[in-house]
Amino acid sequence: MSDQHPSPHDLLPLTPAVLHILLALADGEKHGYTIMKAVETHSEGQTRMGPGTLYGTLKRLLTTRLVQESDERPDPSLDDQRRRYYSLTSFGQRVLNEEVERLGRLVQAARRTPALGGL
């Protein structure tokens, strides 16, 4: 991938797995297990992400530079050295913001739809 990022709009709509991971990382860096627990919490138990989905998606997010592996590590005596920490890049934050805006517009349109009873 070149140093130039595509437009955030070029990556929308996000898949549910990507959206959940970016949301989980929106408030700071996390390691894999913490991301999985954050997804479950944010979705009120509706979404449980397994390791295969999580790490496959993280690999793609690293490639597209939406997330980065953190160079910062907790005290090695308090943490497993194999554990990898991930954080949003500034581009990842922009993509997440655009997706949240897009979804907000979709919800507003749905609420104006008479067939839905004016939610």
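Values in this text are rule-based calculations from the coordinates and carry no lab data. Only a predicted model underlies this, so the values are computations on that prediction, with no experimental measurement involved. Here the Cβ is made from the backbone with ideal geometry for all residues, glycine too, and neighbour counts use every protein chain on show.
Fully extended, how many nm does the chain gain between HIS9 and LEU62 (0.36 nm per residue separation, minus their Cα-Cα distance)? Write down the numbers at each step before the final one.
Details: separation 53, 0.36 × 53 = 19.08 nm, distance 1.80 nm.
Working it through step by step, the gained length comes to 17.3 nm.
Loop by DSSP (not H, G, I, E, B), at most 13 other beta-carbon atoms within 10 Å: where is the longest site-free stretch of the chain for GluC sites (Glu not before Pro)? Write down the numbers at each step before the final one.
Numbers: sites that count: GLU44, GLU72.
Result, exposed sites excluded: 73-119.
In nanometres, what is the gap between the two model label sites at ARG84 and GLU29, each 7 Å from Cα along Cα-to-Cβ?
1.4
Under Stokes-Einstein, with the Kirkwood radius over Cα pairs standing in for Rh, what whole-number D in µm²/s applies to the chain at 4 °C and 1.567 mPa s? Please list the in-between numbers first.
Details: Rh = 15.7 Å.
Roughly 83 µm²/s, to the nearest whole number.
When the dipole is taken about the Cα centre of the chain, and only Lys, Arg (+1) and Asp, Glu (-1) are charged at their Cβ, what size is it in debye, to the nearest 20?
Working: 15 positive and 15 negative charges, 94 e Å.
Approximately 460 debye in magnitude.
What number, in percent, do you get for the relative contact order of the chain if the mean sequence gap of Cα pairs under 8 Å and at least 6 apart is divided by its residue count? Could you put the intermediate results ahead of the total?
Values: 114 pairs, mean separation 36.7, N = 119.
Computed value for the chain: 31 percent relative contact order.
Using amide H atoms built in the peptide plane, which far-off residues or other-chain residues are under 5 Å from VAL67 H to H?
Those qualifying (amide H under 5 Å, at least 5 residues apart or on another chain) are LEU62, THR89.
Residue separation times 0.36 nm, minus the C-alpha to C-alpha distance between THR47 and VAL100: what's the value?
Going from the current span to full extension adds 17.3 nm.
Between region 1-75 and region 98-117, what is the C-alpha centre distance in whole Å?
Between the Cα centres of region 1-75 and region 98-117 lies a distance of 24 Å.
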